[in-house]
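Read the structure below first, then the notes.
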Amino acid sequence: MKEVVRKEIVKMLEAGMIYPISDSKWVSPVQVVPKRGGMMVIRNENNELIQTRAVTGWRVCIDYHKLNAATRKDHFPLPFMDQMLERLAGRAFYCFLDGYSRYNRIDVDPLDPEKTTFTCPFGVYAYRKMPFGLCNATATFQGCMLTIFTDLVEKCIEVLMDDFSVFGESFETCLTSLKTVLERC
């Protein structure tokens, strides 16, 4: 687990997402949790077949319970999945995009990086970019995406967090919409 944390720290330092900090009253601990893949069937100790999720790796998470408890909640609404699916139903062509590392594209307020401070065996660090695990990260990101794509939502794109569904009535209109979305990204 220590090596998993070390690799993640090095990766985030090299990407400029975090920086070393001496201390903070908001320091949070690091946890390593399993990344789960698809379902598989295995035999248990009683020779019974049971379903289980395969562990495909490990994810480094920061335990922001203390910070989240003190944070005023942003109640920006997420779209209703059933309404999005209704708008997509019957469309002839689709492109599905995944906005990889979504939160890590949004800067932390210059007055607040010390609040994202975390500790691990390799030091104490704070985020320059919005980390996963903050209670308002989802609402903040959805609000940003809707601002960026406000004129396209429901016309040629549906946005749910970092999942983009681009659509069109013909192959050509779908490609044109995809080009517009990618240029906007």
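Points to keep in mind about this one:
- Here ASP98, ASP63 are screened, and the one residue that is modelled with pLDDT under 90 and of a type in the set (D, E, K, R) is ASP98.
- Identity of the residue in region 90-104, part of a loop (DSSP other than H, G, I, E, B) and not charged (D, E, K, R), that ends up farthest from THR176 (Cα to Cα): SER101
- Condition check for PHE141: touching a Lys or Arg at 6+ places or on another chain (Cβ under 8 Å), outside any loop (DSSP other than H, G, I, E, B) and either hydrophobic (A, V, I, L, M, F, W, C) or touching a residue at least 12 places away in the same chain (Cβ under 8 Å) (or both): yes
- Members of region 71-86 that are surrounded by 10 or more Cβ atoms within 10 Å (Cβ to Cβ) and closer than 30 Å to VAL5 by Cβ: THR71, ASP74
- Complete set of residues in region 95-139 that are among the β-branched types (Val, Ile, Thr) and buried (at least 16 other Cβ atoms within 10 Å of the Cβ): VAL108, THR116, THR117, THR119, THR138
- Residue within region 160-178 that is open to solvent by less than 80 Å² (accessible area, probe 1.4 Å), part of a helix (DSSP H, G or I) and among the small types (Gly, Ala, Ser) present: yes
- Residue count, region 43-53 (criterion: under 23 Å from MET1 (Cβ atoms) and open to solvent by less than 100 Å² (accessible area, probe 1.4 Å)): 1
The values are calculated or read from the model by the stated rules, or taken from the named source; none is laboratory data. Since this is a predicted model, take the numbers as computed values, not measurements. Neighbour counts run over all protein chains shown; Cβ positions are idealised from the backbone, glycine included. SASA here: full protein model, heavy atoms, side chains in, ligands and nucleic acids out. Shrake-Rupley method; radii C 1.70, N 1.55, O 1.52, S 1.80 Å.
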